[in-house]
1. Can you tell me which of 86, 280, 112 moves the most in a GNM of the chain? Springs connect C-alpha atoms under 10 Å apart.
2. Mind listing the long-range amide H neighbours of residue 101? Cut-off is under 5 Å, sequence gap 5 or more, other chains count too, H placed in the peptide plane at 1.01 Å from N.
3. Check the straight Cα-Cα distances from residue 48 and name the lysines below 25 Å, setting aside those fewer than 8 residues away within the same chain.
4. Give me the one-decimal nm value for the distance between modelled label points at residue 87 and residue 181, 7 Å along each residue's Cα-to-Cβ direction.
5. May I ask for the angle, rounded to the nearest 10°, between helix 285-302 and the longest principal axis of the chain, with both axes built from Cα atoms and the value confined to 0 to 90°?
6. Please state the shape class of region 8-83: rounded when a/c is under 1.5, otherwise prolate if a/b exceeds b/c and oblate if not, all from the C-alpha gyration tensor.
7. Set the Förster distance to 35 Å, then compute FRET efficiency between residue 233 and residue 191 from the Cβ-Cβ distance, nearest 0.05.
8. If packing is taken as the mean number of other Cβ atoms within 10 Å per residue, what is the order of 283-296, 145-158, highest first?
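Nothing in this text is a laboratory measurement; each read-out follows from the coordinates by a stated rule. Just so it is clear, the model here is predicted, and its values are computed rather than measured. Cβ sites come from the backbone with ideal geometry, for glycine too, and all protein chains shown count toward neighbours.
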Amino acid sequence: MRSKTPDALSVDFAALDTLCRVHGLASFTRAAQALGVNQSAVSYTIEKLRRVFGDPLFVKEAGNQVPTPRCDAIVTQSRRLLDSYRDMATSDTFDPSVAQAEITIACNYYERVLMIPIIARRFQKEAPGIRLTIVNSSSDGALRLLEGQADLLLGPFQPGESGIYIQELFDEEYVCLMDPDHPAAQTVPDMSTYLTFNHLAVTYGGTWKSRFLQVIEDAGHDLNITMKVPSPAGIGQLVTGTQLVATVPARLAQRIGAEQAIVPCPVPAEFKLTMVWTARTQSSPLHNWVRATIRECLDEGFG
């Protein structure tokens with residue numbers, strides 16, 4: 001006997017939140033871990049939602065739960081409903097010391113190494129009930145915001161989509177990181193010399209291109225790239241004992257290149273680190289406090 005289709009009104013916000021978690025994490029197991037429940041509870045909820053919406057919602061491909069087009073549409077509307085409800089339940093007078101909330105920040109390696117530790121220390125001190133989830137932004141950080149998968153985007157981004165707000169945090173520039181015994185370690189290289197270096201290039205998995213590479217390409221130059229790596233992690237060790245030169249942001253070089261030589265980069269490619277959010281969180285007392293606090297602690301850390 002076919003089971004009766006559940007009443008659509010029997011679906012609560014917790015079930016929709018579970019759906020959004022599975023959608024964002026592409027896994028029942030990871031969603032269960034994030035929610036602090038058993039995987040069987042997640043499976044039960046998704047099965048109920050499948051019957052309510054008359055759609056598979058997810059199909060398993062290559063080990064991931066891939067959403068159907070119908071699921072994508074449902075999740076988009078569900079996130080709006082959940083955000084509206086959270087705003088309704090949030091007092092107009094926000095008290096960070098007693099607040100219970102989860103904030104998702106999309107960023108990349110630079111921000112995780114230099115910015116997130118400063119933010120985390122401040123939040124643990126002033127808002128211990130706010131839980132931070134850090135996700136990789138790659139080149140689609142703005143899309144994560146627009147789809148509700150992240151509340152904030154940190155990085156050198158200048159999105160042009162409507163409904164997006166952006167605040168500049170601080171300026172950054174590039175330097176060259178190399179072994180102390182490199183012939184150029186005690187020099188200030190000009191562009192012609194720089195182009196002859198054996199470069200170590202960070203590809204970010206092909207999803208992001210550094211500002212200095214864009215400037216070089218626009219000028220019609222080619223770099224002599226000897227090695228490519230997907231992330232800045234471990235760059236200091238990679239250039240040690242070699243003729244490799246890595247072009248990295250100055251603050252990052254100071255953090256990861258304590259035993260290497262750091263010299264100026266001749267490429268005029270200064271950029272700005274920004275904080276980006278959408279209209280979804282623009283008027284939220286919680287998110288207003290989060291953004292103001294992030295700006296304040298980064299001003300103190302990098303000002």
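1. Its mean-square fluctuation being the largest, the pick is 86.
2. Answer set, sorted by chain and number: 130, 131.
3. By straight Cα distance, residue 48 reaches 4, 60.
4. It is 6.2 nm.
5. Long axis of 285-302 versus the principal axis of the chain: about 20 degrees.
6. On the way: a/c = 1.37, a/b = 1.14, b/c = 1.21.
In terms of gyration-tensor shape, rounded.
7. Numbers: r = 28 Å, r/R0 = 0.80.
That pair, residue 233 with residue 191, gives E of 0.80.
8. Numbers: 283-296: 17.1, 145-158: 21.4.
In decreasing order of mean packing, 283-296, 145-158 become 145-158, 283-296.
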